[in-house]
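To start, the structure itself, in C-alpha cells.
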Amino acid sequence: MEKKFSIELNFAVFVFLMAYMLYTVYLFIMKSNEAIIVLCGGVIFALFFYGFRPYQYVVDKKSVTTKYRLWKNKEIDLMECETICDPVERFSEIVRRPHAIEIYTTKRKRHAFFPKERVEFVEAVVRANKRIHCTVKDYTDVHRKLEKKLRKEKRKAERQAAKDKESK
C-alpha cells in the first residue's frame, strides 16, 4: 500500500521569490533598462524552485520515491537504510529547515525529507522497514505515550481478571 506525502513549504524560498517579484515590478514601473534581464532571471528561479525541487514523497512497500515535476524521480530502497532521525546539525548548514527528517543508508549516505505530516511519514517508513532505527522526537514521543497507555490498560485488565478469578 503506497502512501503519498506532500512537501512542507520552504518559507525562505517563498519570501525570496515574492521579494524578487516585487523588485521586478518596481523596475517595470520605473521603466528601467534592466527590467527584462531581471524578469528572465526571475523566470529561471521560479522554474528551478517549482520544477526541479521535490513536490511529493511516496512510501511504497520497500522504498521511498521523491517525485519531481520536471526531473526524473528518485527512489531510495528502505532495506538499505539503517537510521531515520531529526536533522544532525552541521556547520556547513547553519540555516536549517526545522522540520527536516534525515534517513541514513548503510553506506552512510544522507537523504533529507521535508514532509508536512512528519509523524505519519516516519510511521510509514518504519512500517516499511521494521529494522530501521528511529530517533525522530515527534514520532517517539507519540508512540511512547501510546505504548505506556497500552501497558497501563493491559495491567488493569490483568488485575481485573485476577479479581474476577479470586471472587469465583
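The values are calculated or read from the model by the stated rules, or taken from the named source; none is laboratory data. Here the structure is a predicted model, which means the values were calculated and not measured. Glycine also receives a Cβ, built like all others from the backbone with ideal geometry; neighbour counts cover every protein chain displayed. Note: accessible area is taken over every heavy atom of the protein model, side chains too, but ligands, DNA and RNA are not part of it. Shrake-Rupley method; radii C 1.70, N 1.55, O 1.52, S 1.80 Å.
Any residue that is surrounded by fewer than 12 Cβ atoms within 10 Å (Cβ to Cβ) and part of a helix (DSSP H, G or I) - is there at least one of those in segment 42-55? Looking through segment 42-55, at least one residue is surrounded by fewer than 12 Cβ atoms within 10 Å (Cβ to Cβ) and part of a helix (DSSP H, G or I). Quick check: anything in segment 52-68 modelled with pLDDT under 90, out of contact with any strand residue (DSSP E or B) (no Cβ under 8 Å at 6 or more places or on another chain) and not basic (Lys, Arg)? No, segment 52-68 has no match at all. Look at (1) within 30 Å of Arg53 (Cβ to Cβ); (2) modelled with pLDDT under 90; (3) open to solvent by 70 Å² or more (accessible area, probe 1.4 Å) and you find that Lys148 fails only one, number (1). Residues in segment 69-81 that are surrounded by 15 or more Cβ atoms within 10 Å (Cβ to Cβ) and assigned to a strand (DSSP E or B): Ile76, Cys81.
Pick from segment 98-114 the residues that are assigned to a loop (DSSP other than H, G, I, E, B) and in contact with a helix residue (DSSP H, G or I) (Cβ under 8 Å, 6 or more places away or on another chain): which of them is modelled with the lowest pLDDT? Once the filter is applied, the top-ranked residue is His99. Of all residues in segment 115-145, those satisfying the criterion of being open to solvent by 40 Å² or more (accessible area, probe 1.4 Å), within 17 Å of Val88 (Cα to Cα) and outside any helix (DSSP H, G or I) are His133, Thr135.
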